[in-house]
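Presented below is the structure to which this report refers.
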Amino acid sequence: MKSLVIQASHALAAAGQGDLVWGHASVRDPEGRGIWIKAPGWGLEEVRDDRVQLVSFDADVLDGEGSPHKECHIHLEIMRARPDVQCVVHTHAQAAVAFAALDVPLLPISHEGALFGGDDVPRFRLTGALVSDPSLGGALAGVLGTAPAALMPKHGLVAAGRSVQEAVMHAVLLDRACRTQLMAMSAGPIAVYSDTDEALAKRQQCWPESQLRAGADYLSRIAIQDYSPFIQD
Ligand SMILES: [Zn+2]
């Protein structure tokens, strides 16, 4: 499980989603004890075996050093609400934060934008502060529902998946969709985007499990080149 947390964290770092030592990825414990998640104080690219904790559904650290991230409740409550989810990602991806501040619909103007099949991305509006208790985590899980990812205005994004690759790519695709729309909107009004039928077709065509895996595996290969110094003593 530690290796999967490392894989997810490094792939997110390779995609540019790091925010100094903030943001984290978690993997469900196969024995039902909780989640495996990065310990506080480390950047995504710095994660290695001894910087991963096992955190119970009551937010107690069962394996590893120190306290858990204050926002471990994001992961715990999404895992609790979604038994199919194996990996949860929370980052402060900059394009996602900038885009959410505009409070306009996310349009399918690119392949990435079709991730939601023509629907707008869900947004967690209850607070822009830390999701630091089970109640807020549960509310966020409710907003996410069965969507691939959600925006957290004034804060970041959250993504989930049935595998590390899915969750990582859901986060990466949302951030890229936001960045692409920001670019378009900065140049003028958006005139062309997929209708619902085309967006749904593109979601099936562009983002089946095999493509998500291919994208995530690419990020992992890049990460191995870039971050191997951090995972060696
Ligand atoms: Zn956060």
In the stretch 45-74, residue most open to solvent (accessible area, probe 1.4 Å) [restricted to those that are closer than 20 Å to residue 227 by Cα and in contact with a Lys or Arg (Cβ under 7 Å, 6 or more places away or on another chain)]: 49
Subset of the stretch 120-137 [surrounded by 23 or more Cβ atoms within 10 Å (Cβ to Cβ) and modelled with pLDDT of 95 or more]: 124, 137
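Kindly indicate whether residue 225 is under 28 Å from residue 6 (Cα atoms) and more than 21 Å from the chain's Cα centre (by Cα). Show your work before the answer.
Numbers: under 28 Å from residue 6 (Cα atoms): yes; more than 21 Å from the chain's Cα centre (by Cα): yes.
Yes, satisfied.
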Number of the exception - residue 171 against (1) over 14 Å from residue 16 (Cβ atoms); (2) out of contact with any Phe, Trp or Tyr (no Cβ under 6 Å at 6 or more places or on another chain): (1)
Test: residue in the stretch 18-27 that is surrounded by fewer than 24 Cβ atoms within 10 Å (Cβ to Cβ), at pLDDT 95 or above, part of a loop (DSSP other than H, G, I, E, B) and not aliphatic (A, V, I, L, M): no
Some residue of the stretch 184-196 being free of Cβ contacts under 8 Å to residues at least 60 places away in the same chain, in a helix (DSSP H, G or I) and away from the ligand (no atom under 16 Å from the Cβ): yes
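Of the residues that sit in the stretch 28-38 and are in a strand (DSSP E or B) and open to solvent by less than 10 Å² (accessible area, probe 1.4 Å), which one is farthest from residue 49 (Cα to Cα)?
Initial filter on the stretch 28-38 (in a strand (DSSP E or B)): 28, 34-38.
If we keep only those that are open to solvent by less than 10 Å² (accessible area, probe 1.4 Å) too, we end up with 34-35, 37-38.
On the way: 34: 17, 35: 15, 37: 11, 38: 9 Å.
Per the stated criteria, the residue is 34.
One line per residue, one yes/no per condition, for (1) open to solvent by 50 Å² or more (accessible area, probe 1.4 Å); (2) assigned to a helix (DSSP H, G or I); (3) acidic (Asp, Glu):
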{"site": "139", "(1), (2), (3)": "no, yes, no"}
{"site": "146", "(1), (2), (3)": "yes, no, no"}
{"site": "171", "(1), (2), (3)": "no, yes, no"}
{"site": "182", "(1), (2), (3)": "no, yes, no"}
{"site": "199", "(1), (2), (3)": "no, yes, no"}
{"site": "205", "(1), (2), (3)": "yes, yes, no"}
{"site": "212", "(1), (2), (3)": "no, yes, no"}
{"site": "216", "(1), (2), (3)": "no, yes, no"}
{"site": "221", "(1), (2), (3)": "yes, yes, no"}
Subset of the stretch 161-186 [more than 12 Å from residue 213 (Cα to Cα) and among the hydroxyl-bearing types (Ser, Thr, Tyr)]: 180, 186
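Do you know which residues across the stretch 59-93 are within 16 Å of the ligand (Cβ to nearest atom) and not in a helix (DSSP H, G or I)? Spell out the reasoning first.
Keep residues of the stretch 59-93 that are within 16 Å of the ligand (Cβ to nearest atom), which gives 59, 67-78, 88-93.
Listed by number, the residues that qualify are 59, 67, 68, 69, 70, 71, 88, 89, 90, 91, 92, 93.
Taking the stretch 110-137, which residues are of a type in the set (D, E, K, R) and not in a helix (DSSP H, G or I)?
Taking the stretch 110-137 as the starting set, the residues that turn out to be of a type in the set (D, E, K, R) are 112, 119-120, 123, 125, 133.
Once the filter is applied, which keeps residues that are of a type in the set (D, E, K, R) and not in a helix (DSSP H, G or I), the stretch 110-137 yields 119, 120, 123, 125, 133.
The values are calculated or read from the model by the stated rules, or taken from the named source; none is laboratory data. Nothing here was measured: the structure is a model prediction, and the numbers come from that model. Neighbour counts are summed over all protein chains in view; Cβ atoms, including those assigned to glycine, are modelled from backbone coordinates with ideal geometry. Ligands, DNA and RNA are stripped out before the accessible areas are found, and what is left, the full protein with its side chains, is counted by its heavy atoms. Shrake-Rupley method; radii C 1.70, N 1.55, O 1.52, S 1.80 Å.
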